[in-house]
There are 2 protein chains.
Amino acid sequence: MSAPWITYRPEIKVLDCTVRDGGLVNDHMFDDGMVKDIYQTCLDAGVDYMELGYKASKKLFAPAKFGSWKFCDEDDMRRIVGENDGSLKLAAMADAEKTDYHEDILPKDQSVLDVIRVATYVHQLPVAVDMINDAHQKGYEVTCNLMAISVVQEPEIDQALEVLRETPASTVVVVDSFGSLYGEQVARLVKKYRDAFDGTGKEIGIHAHNNQQLAFANTIEAIIHGANRIDATMAGIGRGAGNCPMELLVGFLRNPAYRIRPVLQLLQDRFVDLRQKLEWGALVPYNITGQLNQHPRSAISLLAGDDKDNYVEFYDKLVSDL
Amino acid sequence: MSAPWITYRPEIKVLDCTVRDGGLVNDHMFDDGMVKDIYQTCLDAGVDYMELGYKASKKLFAPAKFGSWKFCDEDDMRRIVGENDGSLKLAAMADAEKTDYHEDILPKDQSVLDVIRVATYVHQLPVAVDMINDAHQKGYEVTCNLMAISVVQEPEIDQALEVLRETPASTVVVVDSFGSLYGEQVARLVKKYRDAFDGTGKEIGIHAHNNQQLAFANTIEAIIHGANRIDATMAGIGRGAGNCPMELLVGFLRNPAYRIRPVLQLLQDRFVDLRQKLEWGALVPYNITGQLNQHPRSAISLLAGDDKDNYVEFYDKLVSDL
């Protein structure tokens with residue numbers, strides 16, 4: 001093809017993780033009106049999946065300290081989506097070692113959820129496999145987000161993919177948790193995942209972070225190399241630097257099933273105000289942690305303090321601690 | 001190479017266009033202290049070229065309405081850089097049809113400038129060629145920025161490159177004026193320019209805009225495909241959505257000649273405050289003009305008005321005017 005960017009691949013599906021990943025900025029304390037508007041926008045924009053939040057353990061996370069979307073109780077979800085009659089599939093994320101999955105993930109016929117997204121670091125893989133099997137047996141579509149892949153050694157990635165190949169997870173997501181990957185690295189990982197799952201029918205996903213202003217570009221790179229499950233958030237909201245912005249992704253995807261106008265409406269109705277209250281985006285401290293391939297927690301901590309613009313001291317400390 | 005992104009190509013040279021392109025946000029009214037700090041930062045960071053501004057016609061642009069860097073008079077430049085003893089080369093941009101180049105561009109032995117960057121739309125090419133020859137005869141290194149390439153027809157690009165091949169311009173820059181290009185398109189253009197100048201020794205440059213948060217990613221893409229002259233600005237400042245941020249570029253380039261710490265120092269000393277006064281970046285209206293491959297002037301106008309967050313009305317108007 002001489003200009004592949006003006007065509008589209010119908011296999012591509014978009015997942016909105018605004019409430020789940022954006023909830024990491026405000027302890028998931030979105031009010032119902034906000035979540036309803038995001039839900040309606042996903043419907044109107046033709047988004048395929050919406051992730052409503054986490055299924056976090058109430059033993060580890062005190063419900064009084066978090067909003068509903070940390071736990072995604074059935075009643076809370078139905079208050080927003082009713083029976084969710086329509087084509088939008090609903091997902092929740094289950095973090096390895098932070099989810100009482102045997103109890104809190106109901107059989108699918110008792111839940112409005114369609115998909116369980118198991119998130120795991122590579123060292124938690126055995127737990128994640130048990131969670132994948134549990135959710136699959138309960139009747140869900142199950143995906144696996146293999147997190148922080150930019151700090152995992154090659155033989156461990158290979159081993160993890162070999163293990164995941166044998167699970168019923170239908171999608172495995174390349175997750176650039178630290179926003180440190182460049183496009184060439186994303187391309188290499190997507191190709192590696194494709195090779196590892198060749199013949200299984202499993203799809204590859206991409207979940208990019210924007211620390212180096214590369215979330216959208218890396219998402220495109222993953223798509224070019226075959227990723228068909230794409231994560232994005234409205235206005236790019238998400239922990240720290242945030243995610244691939246839905247308004248950019250939908251502008252790029254040529255599939256007429258997706259519509260940008262409802263996304264723009266949501267941005268002006270809800271996110272102009274939200275930006276006055278919450279901070280996210282590719283700020284300089286996140287640039288630095290991304291460049292150093294580190295978890296953004298040090299930058300989040302800096303930005304919450306009184307000396308948030310002292311980039312040089314922050315940089316010096318991170319480099320001296322290497 | 002298995003991981004080319006951890007190596008570097010010594011042929012790559014970085015040009016800082018903070019004062020020139022950033023000056024489009026404030027009519028080039030930077031005070032001397034600011035310009036001196038940017039100059040010192042370029043020296044300290046190992047940047048190869050600094051563009052001080054335009055050589056604009058005083059017949060077209062009233063000097064009372066603009067800062068010194070719209071005109072780059074010799075006295076103004078020397079007030080900042082003295083005799084510019086050191087390795088940093090100084091550049092000014094000369095816009096086709098907006099420059100009295102015969103009079104205002106002095107012979108190089110009377111100027112502190114090293115480089116004249118001739119900027120042209122494709123329909124102004126004959127003027128640009130005369131300007132290139134003029135500056136070359138006066139003793140300068142001359143480059144050519146072929147602007148708004150995303151709206152130029154293929155035969156016209158080919159013709160322009162054929163004409164530029166015969167000029168003494170030593171670099172021709174791929175300029176994504178509207179911030180509309182995706183990485184694949186940038187790669188294609190860089191390859192086309194390389195092919196067109198094969199055997200001439202001319203270098204290819206990249207000047208990206210950030211309307212779709214792709215300026216840094218597209219700059220990397222251009223580098224991968226052989227561009228060796230790279231434009232960036234501190235904090236990404238520039239008209240509208242701005243440019244490729246220097247702090248990201250320097251973090252990516254592995255050449256130890258470049259140092260990020262002075263850039264971070266400048267950002268905290270100067271750009272935290274500047275952001276309170278001037279607005280630039282990949283705001284939603286710029287996303288939209290970028291997606292539609294349009295000049296950002298409509299978005300600049302929207303953002304200067306009272307209804308700046310009405311993205312949907314803005315989008316509807318642009319689409320209905322197509």
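The values are calculated or read from the model by the stated rules, or taken from the named source; none is laboratory data. Everything numeric here is computed off the predicted structure, so don't read it as measured data. Positions of Cβ are generated from backbone atoms using ideal geometry, with glycine treated the same way; all protein chains shown enter the neighbour counts. Please note that ligands, DNA and RNA were not included when accessible areas were found on the heavy atoms of the full protein model with its side chains. Shrake-Rupley method; radii C 1.70, N 1.55, O 1.52, S 1.80 Å.
Structure above, values below:
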{"item": "Other-chain or far-sequence residues with amide H under 5 Å of B:Glu203's (modelled H)", "result": "B:Thr171, B:Val172"}
{"item": "Shielded by partner chains, the stretch B:231-275 residues - at least 40 Å² of accessible area, 1.4 Å probe, vs chain alone", "result": "B:Leu248, B:Ile260, B:Arg261, B:Leu264, B:Gln268, B:Val272"}
{"item": "Chain pair A, B: total accessible area buried, heavy atoms, 1.4 Å probe, Å²", "result": "3600 Å²"}
{"item": "DSSP-loop trypsin sites (Lys or Arg not before Pro) across the stretch A:189-294, with at most 16 other Cβ within 10 angstrom", "result": "A:Arg254, A:Arg259"}
{"item": "Under 10 Å, Cβ to Cβ, from B:Ala215 - net charge with Lys/Arg +1 and Asp/Glu -1", "result": "-2"}
{"item": "Too-long pairs where the Cα-Cα distance tops 19 Å, listed order kept, from B:Lys70/B:Lys202; B:Lys65/B:Lys98; A:Lys59/A:Lys89; B:Lys55/B:Lys98; A:Lys89/A:Lys138; B:Lys59/B:Lys98", "result": "B:Lys70/B:Lys202; A:Lys59/A:Lys89"}
{"item": "Calculated label separations, A:Pro10, copies of the chain, 7 Å along the beta-carbon direction, nm", "result": "5.5"}
{"item": "Mean separation of Cα contacts under 8 Å, 6 or more apart, over the residue count of the stretch A:1-121: relative contact order %", "result": "26 percent"}
{"item": "At 7 Å out from Cα toward Cβ: B:Ala64 inter-copy label distances (nm, ascending)", "result": "6.8"}
{"item": "Cα radius of gyration and Dmax for the protein assembly as shown (Å)", "result": "25.5, 82"}
{"item": "Accessible surface, per residue, of the stretch B:228-322 when the full set of protein chains is kept, probe 1.4 Å, Å²", "result": "41 Å²"}
{"item": "The stretch B:105-236, accessible surface, carbon-and-sulfur percent (1.4 angstrom probe)", "result": "46 percent"}
{"item": "Compactness of the stretch A:1-145 - radius of gyration and Dmax, Cα, Å", "result": "15.8, 56"}
{"item": "Span-rule helices in chain B, defined as complete DSSP H runs reaching 27 Å or more along the axis (Cα) with Kyte mean at least -0.5", "result": "none"}
{"item": "Alpha-carbon centroids, the stretch B:59-97 and the stretch A:1-76: separation in whole Å", "result": "51 Å"}
{"item": "In order through the stretch B:52-64: 3J(HN,Hα) via Karplus (6.51 cos²θ - 1.76 cosθ + 1.60), integer Hz, x for Gly, Pro", "result": "7, x, 9, 9, 7, 5, 6, 7, 8, 10, 5, x, 5"}
{"item": "Where rotation carries B onto A, the chain B residue whose Cβ is nearest that axis, in whole Å", "result": "B:Ala217, 2"}
{"item": "Estimated FRET transfer efficiency (B:Lys65, A:Arg259; beta-carbon r; R0 45 Å; 0.05)", "result": "0.55"}
{"item": "Long-range amide H partners of B:Ala119 with built H, under 5 Å", "result": "B:Ala94, B:Asp95, B:Ala96, B:Asn145"}
{"item": "GluC sites (Glu not before Pro) restricted to the stretch A:226-317 and DSSP loop, no more than 14 other C-beta within 10 Å", "result": "A:Glu279"}
{"item": "Qualifying GluC sites (Glu not before Pro) for the stretch A:139-175 [loop in DSSP, other Cβ within 10 Å: at most 15]", "result": "A:Glu166"}
{"item": "Prolate/oblate/rounded call for the stretch A:160-225, Cα gyration tensor, a/c under 1.5 rounded", "result": "prolate"}
{"item": "For A:Glu103, label point 7 Å along C-beta direction: distances to other copies, nm", "result": "8.5"}
{"item": "Prolate/oblate/rounded call for the stretch A:8-277, Cα gyration tensor, a/c under 1.5 rounded", "result": "rounded"}
{"item": "Accessible solvent surface per residue of the stretch A:75-141, calculated while the other protein chains remain in place, 1.4 angstrom probe, Å²", "result": "44 Å²"}
